[in-house]
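Take a look at the structure below.
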Amino acid sequence: MKKQYERPVISQLNTGVMNKFGTKTEFTPTSHIDDNAVKDLLKEYGSPLFVMSERTIRSTYKQAVRAFKTRYPKVQFAWSYKTNYINAVCNVFHQEGSWGEVVSRFEYEKALNNGVPGNKIIFNGPDKTDDDLITAIKNESPIHIDHLDELYRLNELSEELNIRPQVAIRVNMDTGVYPMWDRFGFNYENGQAWDAINKIMLADKMDLRGLHCHIGTFMLAPSAYGIAAGKMSDLAIGIKQKYNKDIQYIDMGGGFATKNTLKGSYLPGADICPSFDDYAEVISTAILNAGFKENELPLLILETGRAMVDDAGSLLGTVISNKRLSDGRRATILDFGVNVLFTAFWYDHKISPAQDFSHYTENTVLYGPLCMNIDVVRENITLPPMKRDDQVVVHRVGAYNITQSMQFISLRPAIVMIDMEGKAHIIKQRENRETIEMNEVLPEYLKAFKL
């Protein structure tokens, strides 16, 4: 077979591990995912394609549970539906023992339909309609109150339904990480949290079961969680002292980081990402040392999503073409873009060729297929030259890409899950024109035209 011609280029050699060809690539081919050949998956299900690894999901979940349960006696995880709400993915977590955590009626109904009991669906978020609240009240779901308007409405609904809602309040606070996430919930430092607590306790129309916080996203400083857990414990103990009321649970939310590399980061994500043990140590230590009596320790709830599922997801795709930009840089165009890889705006994703390649590498810009200038998968990555129809694997895409994907120019791809035995199952069909147009309504007078 005739070798592909590559014109010689002169490029600056950067520091790092070198070989006689220049900067050594960190990547090796990723030809298989859980014993399934990439080329076979793309042949059967089309390109691009999301692939979820059930084996990785279950393994990651068990690591997280072990990290917390070896340090704290009462732990419960609640799967964050907004992170990846494909039913097959959610049910893997539920089979492992996870409750559901939702932030919309859409997600709430998905959790109910998946078989999660209402009293084990945590309802977060600032936008809950009266119908949402009534449904959650009747199902005895823990409702996490975000603002005073919601608190007042729950008081009214409690009287109308003659049912005591099961509630918690969301608390925001200064943990030393800035900008502070103070958009949601009631502030700890300025007294808003105590104001909400007092209103709930003195009205005596709701059962205050818990306290909830979510201090940020992709948090690389475990110490911030220690500060948050300490302040949450302080509130819980204060409620016990003032009202003789035991807080049943402290919900520390999510936000744990993954091994993805944030844009602008000096070091690779794999080198700086804290482990579940790091987060568990500071959180459990803060609560255990806060002063709770042995029989009054609250249940510790974790809503971590990203760190649970990111590693389990891969995006497979195909090279469309190559070109040289006006400044001489190599550009490779792929058949997927930011419409399905939204986290390309946040991360410098690791991307591997799916076939063998030579030692020659070159700085490359990776573009998607969309007719928009911001469709950039990687602004700069060291890769070997790839030709048309070569295949690639994007790693750690299990969190937020599927839920934030959009139909724009290109249709959304199929999603498959590889089970514990290595068998691939379709868990969401590829979109087509019919699925996109199914909710459109064309008025009769617009149906006929002549050109």
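All of (1) part of a helix (DSSP H, G or I); (2) touching a helix residue (DSSP H, G or I) at 6+ places or on another chain (Cβ under 8 Å); (3) among the aliphatic types (A, V, I, L, M) hold for A290 with one exception: (1). When E109, E140, E156 are checked against the criterion of being under 16 Å from Y81 (Cα atoms) and either more than 25 Å from the chain's Cα centre (by Cα) or without any contact (Cβ under 8 Å) to a residue 24 or more places away in the chain (or both), a single residue qualifies: E109. Set side by side, the residues R329, R306 differ, and just one is farther than 29 Å from D251 by Cβ and not hydrophobic (A, V, I, L, M, F, W, C), which is R329.
Of all residues in region 115-131, those that are outside any strand (DSSP E or B), crowded, with 18+ Cβ neighbours inside 10 Å and not basic (K, R) total 4.
Of everything in region 414-440, what is part of a helix (DSSP H, G or I), exposed (fewer than 13 other Cβ atoms within 10 Å of the Cβ) and not aliphatic (A, V, I, L, M)? Give them in sequence order.
Taking region 414-440 first, the residues part of a helix (DSSP H, G or I) are 433-437.
Now restrict to residues that are exposed (fewer than 13 other Cβ atoms within 10 Å of the Cβ): 433-434, 436-437.
Matches in region 414-440: R433, E434, E437.
Taking the condition of being over 20 Å from the mean Cα position of the chain (by Cα) and farther than 19 Å from V92 by Cβ, how many residues in region 112-126 meet it? Residues that pass the stated criteria total 2. Taken as a whole, the structure places L133 among residues that are in the same structural domain as R209 (by TED's automatic domain parsing), of a type in the set (A, V, I, L, M, F, W, C) and either at pLDDT below 95 or in contact with a Lys or Arg (Cβ under 7 Å, 6 or more places away or on another chain) (or both). What tally of residues in region 369-403 results from selecting those that are more than 20 Å from D310 (Cβ to Cβ) and part of a loop (DSSP other than H, G, I, E, B)? Qualifying residue count, region 369-403: 14.
Of A78, A111, A64, all but one fail to be among the hydrophobic types (A, V, I, L, M, F, W, C) and more than 14 Å from G305 (Cα to Cα); the exception is A111. Taken over region 406-427, the criterion of being modelled with pLDDT of 95 or more, out of contact with any helix residue (DSSP H, G or I) (no Cβ under 6 Å at 6 or more places or on another chain) and more than 15 Å from E54 (Cα to Cα) is satisfied by R412, P413.
Only residues that are surrounded by 12 or more Cβ atoms within 10 Å (Cβ to Cβ) and either free of Cβ contacts under 8 Å to residues at least 24 places away in the same chain or assigned to a loop (DSSP other than H, G, I, E, B) (or both): list them for region 339-357, please. Residues satisfying the conditions are N339, V340, L341, W346, D348, H349, K350, A354, Q355, F357.
Applying the condition of being over 23 Å from the mean Cα position of the chain (by Cα) and in a loop (DSSP other than H, G, I, E, B) to region 214-265 and asking which residue is nearest to K74 (Cα to Cα) yields Q248. In the set A270, A196, only one residue is over 30 Å from T343 (Cβ atoms) and either of a type in the set (G, A, S) or part of a loop (DSSP other than H, G, I, E, B) (or both); that residue is A196. The single residue among L211, L202 that is at pLDDT 95 or above, within 20 Å of D149 (Cβ to Cβ) and in a strand (DSSP E or B) turns out to be L211.
The values are calculated or read from the model by the stated rules, or taken from the named source; none is laboratory data. Everything numeric here is computed off the predicted structure, so don't read it as measured data. Quick reminder, even Gly has a Cβ in these numbers, built from the backbone with ideal geometry, and neighbours come from all protein chains shown.
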